[in-house]
């Protein structure tokens, strides 16, 4: 029996994926998590053949969850399935230990194919991502400003772009206002953008928020 954990904050997405996998695998058990807390709790308390993870989820965020999953249960393969841009998030996800990255715009056939490859111990990337990985390994590409951000800094940037205040970000991430303010200052310094409006425009232009 295959055991699949679907981590996505949209109930309709979880239901659709559940139906897709039920059709493909006669014997399957599907778990569902809608936020980072549920995802980590289910990862720690149960074994899974694969985790399908959206990186846009409430709580500490999908990238932080991915990093924690690979630290706590490194043997469980994670396939990132998200609406976020492959161009901006795939390499970061793979570096954190994801076994594959797929945009939600792909067909159900490709989702199943990716999941099967990941469950068999392989890695799954699209041809366009494979090209980008090759360029990065060659060191011939210029890095965009946001690529210099740490995963936490990127998360704070995304939350700023969604209109959240320092206090709201601190509450959601369980951090102090001062710590979030420090992240905010680092982001501005690294990116050369001082205002929230400029940061928001940049995030929207580079598809860093959905």
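Every number here is computed from the coordinates shown, using simple stated rules; none is lab data. Not measured: the values here are computed from a predicted model. Note that we place each Cβ from the backbone using ideal geometry, even for glycine, and neighbour counts take in every protein chain shown.
Here are a few things to note about the model shown:
- Per-selection Kirkwood Rh - the stretch 5-107 (Cα, Å, 1 d.p.): 13.5 Å
- Per the Kirkwood formula applied to alpha carbons, the stretch 87-210 shows a radius of gyration over Rh ratio, Rg over Rh, of 1.03.
- With a simple spin-label model that places each label point 7 Å from the Cα along the Cα-to-Cβ direction, the separation between residue 10 and residue 73 comes to 2.4 nm.
- Spherically averaged projected area of the chain from its Cα convex hull (nm²): 11.7 nm²
- Zone of residue 171's modelled label, taken as backbone nitrogen in the stretch 31-72 under 12 Å from a point 7 Å along Cα→Cβ: none
- An ellipsoid equivalent to the stretch 145-205, defined through the eigenvalues of its Cα gyration tensor, has semi-axes of 17, 12, 10 Å when rounded to whole angstrom and sorted largest first.
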